[in-house]
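The next block holds one structure in the form of structure tokens; read it before the comments.
The values are calculated or read from the model by the stated rules, or taken from the named source; none is laboratory data. Treat the numbers as computed from the prediction; the structure is a model and nothing was measured. Please note: Cβ atoms are built from the backbone with ideal geometry, for glycine as well, and neighbour counts cover all protein chains shown. Only protein heavy atoms, including side chains, enter the accessible area calculation; ligands, DNA and RNA are left aside. Shrake-Rupley method; radii C 1.70, N 1.55, O 1.52, S 1.80 Å.
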Amino acid sequence: MSYTLHFTPGTCARVPLVALAESGAEFDVKHVQLMKGEHKRPDYLAKNLAGKVPLLETPEGASAQNVAIARYLGSKFPQLLPQTDNAFADAKITANLAFCADTLHPIVTRMRMPMFIADGDEAQQSVREKGHAAMVMMAKVVEDQLANGPWWYGDEWSIQDAYIYWIWFRLLSVDYDVSVLPNWAAHAARMEERPAVQRALKIENDLLEQSTAQ
Ligand SMILES: N[C@@H](CCC(=O)N[C@@H](CS)C(=O)NCC(=O)O)C(=O)O
């Protein structure tokens, strides 16, 4: 196999999973069981000091961090990200991915996992509410962007779409009124029509079923 993705169902590792499925490359998926602490074991930490998924093993070495993995795969498979030789346009592509990784992802984590940030019911409720307020502002950025075309970059599908699709999936798992986000909902429906996305979701569901059967 050329690529091995260390992956956990339900996590942001779905972003490179969808990207690999879209790339047409051969790849392997290794299930990292977070509940068993597999991501904190020395052999895993040797490849990813942060002890998180995703981690992508490539012929050139192992890479962590969604933004870096997306940029790497985008350089290997041009259909996955807009291609440009303009430094400013290139920085914008990174900024859009980082908007998902560093803005949207931490906000949904506050809404869904406040216990990772604060102790006690009251403090956790406050974290949840702050996450909710931040999401109201940031979801509008996504909603407005998606008014311009079927995909983030208009007619051109990209990993950016895989990223906002995962954020959408997370939003559905918290108490958030998504009825005010019709463009984002339609985007998610379009994502689910893509054969590669269906393949990725099947891999994810199969892993989930295997681990719950164990
Ligand atoms: N900045 C990292 C974030 C990765 C991350 O937060 N992964 C979560 C799953 S969505 C994880 O591995 N959590 C387990 C833990 O932190 O122990 C990236 O974009 O790759």
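Structure notes:
- Among the residues of the stretch 112-130, those that are in a helix (DSSP H, G or I) and either away from the ligand (no atom under 14 Å from the Cβ) or within 16 Å of the chain's Cα centre (by Cα) (or both) comprise ARG112, PRO114, ASP121, GLU122, ALA123, GLN124, GLN125, SER126, VAL127, ARG128, GLU129, LYS130.
- Flag if LYS92 is of a type in the set (Lys, Arg), assigned to a strand (DSSP E or B) and either surrounded by fewer than 17 Cβ atoms within 10 Å (Cβ to Cβ) or modelled with pLDDT under 95 (or both): no
- LEU97 falls short on exactly one of the conditions (1) more than 16 Å from the ligand (Cβ to nearest atom); (2) outside the structural domain of GLU209 (by TED's automatic domain parsing), and that condition is (1).
- Residue in the stretch 1-23 that is among the polar types (S, T, N, Q), under 30 Å from LYS92 (Cβ atoms) and open to solvent by 70 Å² or more (accessible area, probe 1.4 Å) present: no
- The single residue among LYS40, LYS52, LYS76, LYS36 that is of a type in the set (Lys, Arg) and away from the ligand (no atom under 13 Å from the Cβ) turns out to be LYS76.
- Matching residues in the stretch 55-72 - criterion: being part of a loop (DSSP other than H, G, I, E, B) and away from the ligand (no atom under 12 Å from the Cβ): PRO59, GLU60
- Enumeration of residues in the stretch 135-160 that are among the hydrophobic types (A, V, I, L, M, F, W, C) and either open to solvent by 20 Å² or more (accessible area, probe 1.4 Å) or part of a loop (DSSP other than H, G, I, E, B) (or both): VAL136, MET137, MET138, VAL141, ALA147, TRP151, TRP152, TRP157
- Residue check for PRO9: assigned to a loop (DSSP other than H, G, I, E, B), in contact with a Ser or Thr (Cβ under 8 Å, 6 or more places away or on another chain) and either within 12 Å of the ligand (Cβ to nearest atom) or at pLDDT below 95 (or both): yes
- Among the residues making up the stretch 69-78, those that are surrounded by 12 or more Cβ atoms within 10 Å (Cβ to Cβ) and either out of contact with any helix residue (DSSP H, G or I) (no Cβ under 7 Å at 6 or more places or on another chain) or free of Cβ contacts under 8 Å to residues at least 40 places away in the same chain (or both) are ARG71, TYR72, LYS76.
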